[in-house]
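Data first, discussion second: the structure below is written as structure tokens.
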Amino acid sequence: MMSMRSRCDSTPAWSQLSACFEGRGRYFDLRTAFAQDPGRYAALSLQAPHVFADLSKNLIDASLQATLTRLAQECDVAGHREAMFRGEHINPTEDRAVMHWLLRHPGADLPAAVQDEHAEVREVLDAMLAYAQAVREDAAITDIVNIGIGGSDLGPQMAVLALDEFVDQSKRYHFVSSVDGHELSAVLRQVRPESTLFLVASKSFTTLETMTNARSARAWFTAQGGRDIARHFCALTSHVQAAAEFGISTTFGFWDWVGGRYSMWSAIGLPIAIAIGPQRFRELLAGAHEMDTHFCTAPLARNLPVQLALLDLWYRNFHGFTSRSVAPYHSGLRRMQAYLQQLEMESNGKRVDASGRALPYATSPVIWGEPAANGQHAYFQMLHQGSDVIPVEFIAVKKVAHGLPEHHHKLLANGLAQAQALMLGQQDAAGHRHMPGNRPSTFLLLEELTPASLGALIALYEHRVFVAGSLWGINSFDQWGVELGKVLAKDIEPRLVSGDVVGLDASTAGLLQRLRDTR
Ligand code: F6P
């Protein structure tokens, strides 16, 4: 299916973009663009459900935006999108459909081909939310410990932090992901078996880190006198049988058509549902569905995921920018970058197309950042005066829950000022004080950070990643690159005990011996 679509570099629009870049695109100046076009802000801003986007501080104008939009048409992004929403197997290397969107679909007007799956989705959702409610009402349970990694950790952790205002504060939420024993032992120090619920979250139920932590948690539980595994352990997995073999009887399942990094809407979202409650969890799903509808129905020129992905391509493949910095101006979004790193880089960090042919152009940028008020006092120096141009994505929230308006004004003023400073620079200053400016940024603005707006924001990112992958002709839904390290670690682990270095390269052998000596 994917190989039938035109690869971006074989389209007429790509040739035109190359010509534009070699012409004035390379020298595009934001300050001149604003001076010449008083309507620029209005023309280049876009309202999607729950998310307003100001794209006007990017290195494009209306005519370039039209050419980029034509690229999306010529690559048949819409056809690819429709294939995803029909449930076709658009993940060719794993021969799977990609249907995380179905997890948040209310049910009307679904294609017949996915109606059975949707009925199963509703059934598990209802059961999981009933369980979440029961846990919320159970005063004896004070600590929820989610054991999972990657997509089985980052989404729930990010969302529980982001939605703090809505979280049941009578319980504590812990997330254990790394196999580094410091993490699990730090949590176990704080909890007691009789008041703890362990959620073992793993799509595959084989992931080394998660299974090691789950076994150690179970051993701790029984060693501390805990008896009722059925009450204190719950599994979230698409391998229900494996969870049963582990000894867990309460399991909420999901399906192989939910990618790990797209799974927070599934049973993997249980910690979120316990934290914010069933109704709020449904609002999270509803917000994401609103963004799905926008993605499916808005014309490409006014379609926010499409326009953001086109900018990503423009910067990566023409300007040659290698990274994008995410700058949330809301402390609740402090795990957003980590979440986006997996979403974008595990999805689009690929060097071959969907049929395995090497690509002649770059794909995913590096995604990085910190809550930006802190970033300003750390790495923003480089954003303003470093030798690389790094597009910045500001995320701000208009209304906040705390009663400290002065703080919020200062925070927002800083966000606006940083975007302004990146663009304007300080051209009349010389030497060390000179700031070149003309550094692009996007400003995403939420009215409030609620379950619905967070759902919409995350769905926006999911679809942007889809569109970028679609333009690049890659399969955004596999992750073969993570497998080799897992295999090698299995070989190395027993060597740490035996000291056998036969067949290892000299560096690995030397390090292994040093690590053994110091144990
Ligand atoms: O190793 C990468 C990965 O497979 C991610 O794609 C996934 O989110 C994570 O590991 C955890 O996988 P699982 O949910 O199967 O434990």
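The values are calculated or read from the model by the stated rules, or taken from the named source; none is laboratory data. Predicted model only: the values in this text are computed from it and were never measured. Positions of Cβ are generated from backbone atoms using ideal geometry, with glycine treated the same way; all protein chains shown enter the neighbour counts. Please note that ligands, DNA and RNA were not included when accessible areas were found on the heavy atoms of the full protein model with its side chains. Shrake-Rupley method; radii C 1.70, N 1.55, O 1.52, S 1.80 Å.
In this structure, does VAL160 turn out to be closer than 18 Å to VAL240 by Cβ, among the β-branched types (Val, Ile, Thr) and in a helix (DSSP H, G or I)?
Working: closer than 18 Å to VAL240 by Cβ: no; among the β-branched types (Val, Ile, Thr): yes; in a helix (DSSP H, G or I): yes.
Against the criterion (closer than 18 Å to VAL240 by Cβ, among the β-branched types (Val, Ile, Thr) and in a helix (DSSP H, G or I)), VAL160 does not qualify.
Among ALA83, ALA108, ALA72, ALA53, which is the only one that is among the small types (Gly, Ala, Ser) and open to solvent by 50 Å² or more (accessible area, probe 1.4 Å)?
That would be ALA108, the only listed residue that is among the small types (Gly, Ala, Ser) and open to solvent by 50 Å² or more (accessible area, probe 1.4 Å).
Out of the residues in segment 126-157 meeting the condition of being assigned to a loop (DSSP other than H, G, I, E, B) and away from the ligand (no atom under 13 Å from the Cβ), tell me which one is most open to solvent (accessible area, probe 1.4 Å).
Applying the filter and picking the extreme gives ALA139.
Among the residues of segment 424-445, is there at least one that is out of contact with any Lys or Arg (no Cβ under 7 Å at 6 or more places or on another chain), assigned to a helix (DSSP H, G or I), surrounded by 11 or more Cβ atoms within 10 Å (Cβ to Cβ) and of a type outside the set (Phe, Trp, Tyr)?
No; the residues of segment 424-445 include none that is out of contact with any Lys or Arg (no Cβ under 7 Å at 6 or more places or on another chain), assigned to a helix (DSSP H, G or I), surrounded by 11 or more Cβ atoms within 10 Å (Cβ to Cβ) and of a type outside the set (Phe, Trp, Tyr).
Starting from segment 196-210, take each residue that is near the ligand (Cβ under 6 Å from one of its atoms) and list its partners that are among the aromatic types (Phe, Trp, Tyr) and outside any strand (DSSP E or B), counting only C-beta distances under 9 angstrom and pairs at least six apart or across chains.
Taking only residues 6 or more apart or on different chains, the pairs are LYS203/PHE254.
Can you name the residue in segment 241-268 that is β-branched (Val, Ile, Thr) and closer than 19 Å to ALA217 by Cα and is also farthest from the ligand (Cβ to nearest atom) among such residues? Give the steps one after another, and end with the answer.
First, the residues of segment 241-268 that are β-branched (Val, Ile, Thr): 248, 250-251, 258, 268.
Then drop every residue that is not closer than 19 Å to ALA217 by Cα, which leaves 248, 250-251, 268.
Details: ILE248: 14, THR250: 18, THR251: 14, ILE268: 8 Å.
Per the criteria, the residue is THR250.
Being assigned to a helix (DSSP H, G or I) and out of contact with any helix residue (DSSP H, G or I) (no Cβ under 6 Å at 6 or more places or on another chain) is the filter here; which residues of segment 163-201 pass it?
GLU165, GLY181, HIS182, GLU183, SER185, ALA186, VAL187, GLU194, SER195 - these are the residues of segment 163-201 that are assigned to a helix (DSSP H, G or I) and out of contact with any helix residue (DSSP H, G or I) (no Cβ under 6 Å at 6 or more places or on another chain).
Among the residues of segment 459-506, which ones are open to solvent by 40 Å² or more (accessible area, probe 1.4 Å), within 16 Å of the ligand (Cβ to nearest atom) and not β-branched (Val, Ile, Thr)?
Answer for segment 459-506, where residues must be open to solvent by 40 Å² or more (accessible area, probe 1.4 Å), within 16 Å of the ligand (Cβ to nearest atom) and not β-branched (Val, Ile, Thr): GLN479, TRP480, GLY481, GLU483, LEU484, GLY485, LYS486, LEU488, ALA489, LYS490.
Name the pairs: first residue in segment 482-493 and without any contact (Cβ under 8 Å) to a residue 24 or more places away in the chain, second residue within 11 Å of the ligand (Cβ to nearest atom), Cβ to Cβ under 6 Å, at least 6 apart or on different chains?
No pair meets every condition.
Within the set of pairs 6+ apart or on separate chains, which have a first residue in segment 121-150 that is closer than 16 Å to PRO278 by Cβ, a second that is within 16 Å of the ligand (Cβ to nearest atom) and assigned to a helix (DSSP H, G or I), and C-beta atoms under 7 Å apart?
From residues that are closer than 16 Å to PRO278 by Cβ, the pairs are VAL121/LEU103; VAL124/ALA267; MET128/ALA267; MET128/LEU270; ALA132/LEU270; ILE144/PRO271.
Just the residues that are assigned to a helix (DSSP H, G or I) and more than 16 Å from the ligand (Cβ to nearest atom), please, taken from segment 325-366. Give the steps one after another, and end with the answer.
First pass over segment 325-366, keeping only residues assigned to a helix (DSSP H, G or I): 331-333, 336-348.
Across segment 325-366, the qualifying residues are SER331, GLY332, LEU333, MET336, GLN337.
Hey, can you tell me all the residues within segment 159-182 that are of a type in the set (D, E, K, R), in contact (Cβ under 8 Å) with a residue 24 or more places away in the chain and surrounded by fewer than 18 Cβ atoms within 10 Å (Cβ to Cβ)? Don't jump to the end; show me each part of the working.
First pass over segment 159-182, keeping only residues of a type in the set (D, E, K, R): 164-165, 168, 171-172, 180.
Still in the running and in contact (Cβ under 8 Å) with a residue 24 or more places away in the chain: 164-165, 168, 171-172.
The answer is ASP164, GLU165, ASP168, ARG172.
Being away from the ligand (no atom under 16 Å from the Cβ) and buried (at least 21 other Cβ atoms within 10 Å of the Cβ) narrows it down to one residue among PRO299, PRO278, PRO271, PRO305; which is it? Lay out the reasoning, then the answer.
Numbers: PRO299 fails: buried (at least 21 other Cβ atoms within 10 Å of the Cβ); PRO278 fails: buried (at least 21 other Cβ atoms within 10 Å of the Cβ); PRO271 fails: away from the ligand (no atom under 16 Å from the Cβ).
Of PRO299, PRO278, PRO271, PRO305, the one residue that is away from the ligand (no atom under 16 Å from the Cβ) and buried (at least 21 other Cβ atoms within 10 Å of the Cβ) is PRO305.
Suppose the filter is within 16 Å of the ligand (Cβ to nearest atom) and either within 29 Å of the chain's Cα centre (by Cα) or free of Cβ contacts under 8 Å to residues at least 24 places away in the same chain (or both); does LEU236 pass it?
Working: within 16 Å of the ligand (Cβ to nearest atom): yes; either within 29 Å of the chain's Cα centre (by Cα) or free of Cβ contacts under 8 Å to residues at least 24 places away in the same chain (or both): yes.
Here the answer is yes, as LEU236 does meet what is asked.
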